[in-house]
Each structure stands twice: as C-alpha cells, then as structure tokens.
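Structure first, commentary second.
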C-alpha cells in the first residue's frame with residue numbers, strides 16, 4: 001500500500017527542515033515560481049574555460065558529447081564514460097559517486113576546463129541520486145551536458161551547480177586523470 005498524502009507531506013516537511021538546518025535552502029525567504037522553497041545559490045564564480053579557448057582534443061570531446069545518445073534513466077555516469085570511449089580515451093567505469101570521489105577534487109571555477117567531469121556525490125531528487133550522485137561534462141561557455149531522466153540535456157553551469165549542489169559540494173576534474181587540455 002502507498003503512503004497517504006498526509007504521510008508524504010510530513011516526510012516532505014521533515015526533508016525541507018533538514019535541508020534548511022544544513023543551510024542548503026535560501027534563507028532570505030526566496031521561493032520558486034510555484035511558491036516552493038528555493039535552493040541556496042551556488043555561484044559558478046568566474047573563469048571557467050570558454051570553448052573557443054579549448055584545445056583540439058577538448059573540442060573533439062565536446063563533439064562526442066553532442067553526438068552521444070542517452071544511456072537510460074539513472075545512467076549518467078555510463079553516458080559520460082561512453083562519450084570518453086568514443087573519443088578513444090579508454091574506458092573508465094564507476095557510478096557518479098565513484099567518479100566524483102576518484103577524479104573530482106577541484107572547486108575553483110577558474111580551474112574548470114572544457115572536457116572535465118562535473119559531479120556531486122549525492123543529490124536529493126531520487127533514491128538513485130542520493131545513493132550514487134550525478135555527473136555531467138563541462139562543454140565550455142558556462143554549459144554542462146549530462147544525461148538525466150533518460151535524456152541528454154544542456155544546462156547552464158550556475159543552475160546545474162545550484163540544483164545539484166544542495167546535498168554535496170559540486171567538484172570537477174579529469175575523468176581517469178587524463179588531462180585533455
């Protein structure tokens with residue numbers, strides 16, 4: 001049997017209270033268009049690399065990212081791995097959290113280069129995200145490309161960091177420690 005509406009609302013309120021206590025919700029009363037609590041702003045700062053400043057191998061990876069189809073629901077890491085495999089960089093295997101913990105150590109936006117993986121160790125939007133996190137590719141010009149809910153999408157860096165950075169700090173680095181730039 002499913003949960004009643006009252007139980008779901010109670011759980012929602014407990015989650016929101018926990019997020020607020022951890023400082024993850026906007027504390028100035030800001031709400032979304034629909035009147036829901038807004039996440040805190042996680043600034044993209046200044047200085048991520050522009051696509052025009054990327055090297056040839058970085059630009060080829062971006063072309064692979066735009067030419068690689070979705071891998072399915074909850075398979076963001078598999079999509080990233082497929083993009084790198086198409087580039088010919090070998091295969092690096094792991095879920096988003098493993099990629100986050102193994103290869104992503106940078107948080108300074110000025111160190112974000114085209115072709116780096118951008119990841120979080122967990123996010124609160126579904127059970128898989130809480131257990132495994134989320135990962136995408138920085139494709140330059142303040143844009144992240146990722147595979148979410150079974151489709152590949154392009155998202156501005158600032159909103160991506162704000163949305164996914166509510167449960168763990170967004171970080172970036174080179175997949176497999178293979179620097180493309």
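Brief remarks follow.
- Site pair residue 101 and residue 126 shows an inter-label distance of 2.2 nm when each label is modelled 7 Å from Cα along Cα→Cβ.
- You can think of it this way: the chain between residue 153 and residue 14 has 46.9 nm of extra reach, that is 0.36 nm per residue less the Cα-Cα gap.
- Euclidean distance between Cα centres, segment 114-166 to segment 70-84, Å: 12 Å
- 17 Å reach of a label modelled at residue 69, 7 Å along Cα-to-Cβ, counting backbone N of segment 118-152: 147-152
Every read-out reported here was derived from the displayed coordinates using simple, explicitly stated rules and does not represent laboratory data. Since we're looking at a predicted model, the values are computed, not measured. Cβ coordinates were reconstructed from backbone atoms using ideal geometry, including for glycine residues, and neighbour counts include every protein chain displayed.
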